[in-house]
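Enquirer: One structure, pasted below without further comment.
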Amino acid sequence: MIKFDIVTIFPHIFDSYLKESLIARAINKKIIRVNIWNLRDFASDKRGTIDDKPYGGGLGMVMKVEPIYRAVKKIKRTKKSKVILFTPRGKKFNQRVAYNLSKYKQLVFICGRYEGVDERVAKYIATDLISIGDYVLMGGEIASLVVVEAVSRLIPGVLGKRELLKERITYPKRHYIEYPFYTRPAVFEPQKKVRWKVPKVLISGDHKRIKEWRKKHSRIIE
């Protein structure tokens, strides 16, 4: 079982997502575990203050190092764990990174907000800095859900049939293969004299040709 521990100031963002679809089933079957930690519970005052003005001036507020340190220290960690801070300056998240993370027993996610996070979190607390794309989000919550889903689907039992994932992976580099899909009807007519057809090879029953067609039209995702 892999355990995800998510540190956030908006714990209820995750409520509906974790109760639906394959993620919910994996949690119920105890294949994965997801713990949500409210960062304000680790503040040093009654108001739950977790941010302050940046040194040197500037707009916005910066998340404080102390409550994040206390939260990560409180979370019981295993020897095979990673502490991930989501930041636009981090390593680009891709399929290969997802595979590497799936080998760990525990992933701790720090979800930033506001103008940013005190740099001492990146230097001394996080083991990895990750970015899910070349854009800026309002916080790390969506990024954490992206990583939870990408990693979880690689865990045996989450997708149901192991073959569903195995046929889409190349070895030994573990690239992910994406190719076009079609299903019934073989011909769809959205309006008169307009016919959208399924490629004939896919309904031919010739598995060798189908495999060749998929290879020709596939895209390798790193």
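The values are calculated or read from the model by the stated rules, or taken from the named source; none is laboratory data. Note that the structure is a prediction, hence the values are computed from the model and not measured. Cβ sites come from the backbone with ideal geometry, for glycine too, and all protein chains shown count toward neighbours.
Enquirer: Report the residue count in segment 6-47 for those that are at pLDDT 95 or above and not in a helix (DSSP H, G or I).
Expert: So the answer is 19.
Enquirer: (1) of a type in the set (A, V, I, L, M); (2) out of contact with any Asp or Glu (no Cβ under 8 Å at 6 or more places or on another chain); (3) closer than 14 Å to residue 142 by Cβ: which one isn't true of residue 22, the others all being true?
Expert: (3)
Enquirer: Further, regarding this structure: Quick check on this structure: which one of 82, 91 is in contact (Cβ under 8 Å) with a residue 40 or more places away in the chain, assigned to a strand (DSSP E or B) and farther than 24 Å from residue 41 by Cα? Let's see the steps before the verdict.
Expert: Details: 82 fails: farther than 24 Å from residue 41 by Cα.
Exactly one of 82, 91 is in contact (Cβ under 8 Å) with a residue 40 or more places away in the chain, assigned to a strand (DSSP E or B) and farther than 24 Å from residue 41 by Cα, namely 91.
Enquirer: Can you give me the ranges of the helices (runs of 4 or more DSSP H) entirely in segment 104-222 with at least 3 residues that are at pLDDT below 95 and out of contact with any helix residue (DSSP H, G or I) (no Cβ under 8 Å at 6 or more places or on another chain)? Spell out how you get there, then give the answer.
Expert: Numbers: elements: 141-152, 162-166, 207-216.
Of the helices (runs of 4 or more DSSP H) lying wholly inside segment 104-222, those with at least 3 residues that are at pLDDT below 95 and out of contact with any helix residue (DSSP H, G or I) (no Cβ under 8 Å at 6 or more places or on another chain) span 162-166, 207-216.
Enquirer: So residue 99 fits all but one of (1) buried (at least 16 other Cβ atoms within 10 Å of the Cβ); (2) modelled with pLDDT of 95 or more; what number is the exception?
Expert: Single failed check for residue 99: (2).
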